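For reference, the structure is listed below as structure tokens.
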Amino acid sequence: MEDRVSEPSLVLVFSGKRKSGKDYVTELIQKRLGSDVCCILRLSGPLKEQYAQEHGLDLDQLMGPGPYKEQYRADMIRWGESRRRQDPGLFCRLASRGAHQPVWVVSDARRLSDLQWFQAEFPQQTQSVRVQSSENTRSQRGWSFTAGVDDAESECGLDSGVEFDWNVINEADAPLLDEQLRPILQLAEEAASSSSVNRN
Ligand SMILES: Nc1ncnc2c1ncn2[C@@H]1O[C@H](COP(=O)(O)OP(=O)(O)OP(=O)(O)O)[C@@H](O)[C@H]1O
Ligand SMILES: C[C@@](O)(CCOP(=O)(O)O)CC(=O)O
């Protein structure tokens, strides 16, 4: 791929429902590994950039966790789906442009085609991770059911048919996140150190 600086040693592809904590968990992983080792790739990044530009919207707010983006979500989904119909790998490709760290954390896979793109490009390196939270917890974080969003592919595309390599339960009464993430972090550290051996 033209803009790829080097092959990743590990690609962790995260998915989960709205407000399950995908950003929270992936940011924690990056914090633990450091940004020299680990980058976060948001598939919604290039999508939101183009959508904000075309519609004159505030990109920072669209990228953040607040309520602003929810006003536009249904339309952004439609807009993104029309782009994906022409090119299913478009946002995966754009999001991974220029990524040079050995560990890639994809924070927001939503469709089988997202996961399949990384599995096809990096069959040895790709592992899938599902973040799970109860509806009650998600509601406390600001989620409420929206027809056309929570029952559509954007939220349900990975509900079945995938055996995730890892599951992370992001709930107050679940084991501490650091504990749950330990084997994933260990894998990432091993991948990063084998890549530094190969690069030296
Ligand atoms: N374990 C946690 N402890 C404290 N706050 C959390 C935790 N997990 C998530 N949150 C908070 O809940 C909110 C939603 O989390 P986050 O933005 O990570 O979810 P998401 O799955 O990325 O959601 P969306 O896809 O809807 O943007 C954020 O304000 C985040 O800081
Ligand atoms: C439009 C969309 O990318 C919004 C994602 O927003 P977020 O990851 O929930 O902040 C969802 C989609 O691609 O279906």
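The values are calculated or read from the model by the stated rules, or taken from the named source; none is laboratory data. Quick caveat, the model's predicted, so the values are computed rather than measured. Reconstructed Cβ throughout: ideal geometry from the backbone, glycine too, with neighbour counts over all protein chains shown.
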Pairs with Cβ under 7 Å, 6+ apart, first in segment 107-132 and touching a residue at least 60 places away in the same chain (Cβ under 8 Å), second in a loop (DSSP other than H, G, I, E, B) and of a type in the set (Gly, Ala, Ser):
110/157; 115/109; 125/9; 131/20; 131/21; 132/20
Single residue of segment 1-31 satisfying the filter (surrounded by fewer than 23 Cβ atoms within 10 Å (Cβ to Cβ) and more than 14 Å from ligand 1 (Cβ to nearest atom)) that is nearest to residue 162 (Cα to Cα)
7
Scan segment 77-88 residue by residue and report those that are surrounded by 17 or more Cβ atoms within 10 Å (Cβ to Cβ) and either among the β-branched types (Val, Ile, Thr) or part of a loop (DSSP other than H, G, I, E, B) (or both).
77
Per the filter on segment 109-149, residues in contact with a Phe, Trp or Tyr (Cβ under 7 Å, 6 or more places away or on another chain) and either within 16 Å of ligand 2 (Cβ to nearest atom) or of a type in the set (A, V, I, L, M, F, W, C) (or both) are 109, 129, 130, 131
If you go through segment 117-138 one residue at a time, do you hit one that is in contact with a Cys (Cβ under 7 Å, 6 or more places away or on another chain), under 25 Å from residue 182 (Cα atoms) and buried (at least 21 other Cβ atoms within 10 Å of the Cβ)?
yes
The residue that is farthest from residue 154 (Cα to Cα), considering only those in segment 49-90 that are within 16 Å of ligand 1 (Cβ to nearest atom) and of a type in the set (Phe, Trp, Tyr), is 68
Can you name the residue in segment 91-102 that is of a type in the set (Gly, Ala, Ser) and farther than 22 Å from residue 155 by Cβ and, of all such residues, is modelled with the lowest pLDDT?
98
Return the only residue of 95, 109, 99, 74 being surrounded by fewer than 16 Cβ atoms within 10 Å (Cβ to Cβ) and either of a type outside the set (Val, Ile, Thr) or in contact with a helix residue (DSSP H, G or I) (Cβ under 6 Å, 6 or more places away or on another chain) (or both).
74
Tell me, please, whether a residue that is within 12 Å of residue 12 (Cβ to Cβ), touching a Gly at 6+ places or on another chain (Cβ under 8 Å) and within 16 Å of ligand 1 (Cβ to nearest atom) can be found in segment 118-129.
no
Taking segment 146-174 and the residues there that are surrounded by 12 or more Cβ atoms within 10 Å (Cβ to Cβ) and either free of Cβ contacts under 8 Å to residues at least 12 places away in the same chain or in a helix (DSSP H, G or I) (or both), the one that is farthest from the chain's Cα centre (by Cα) would be 174
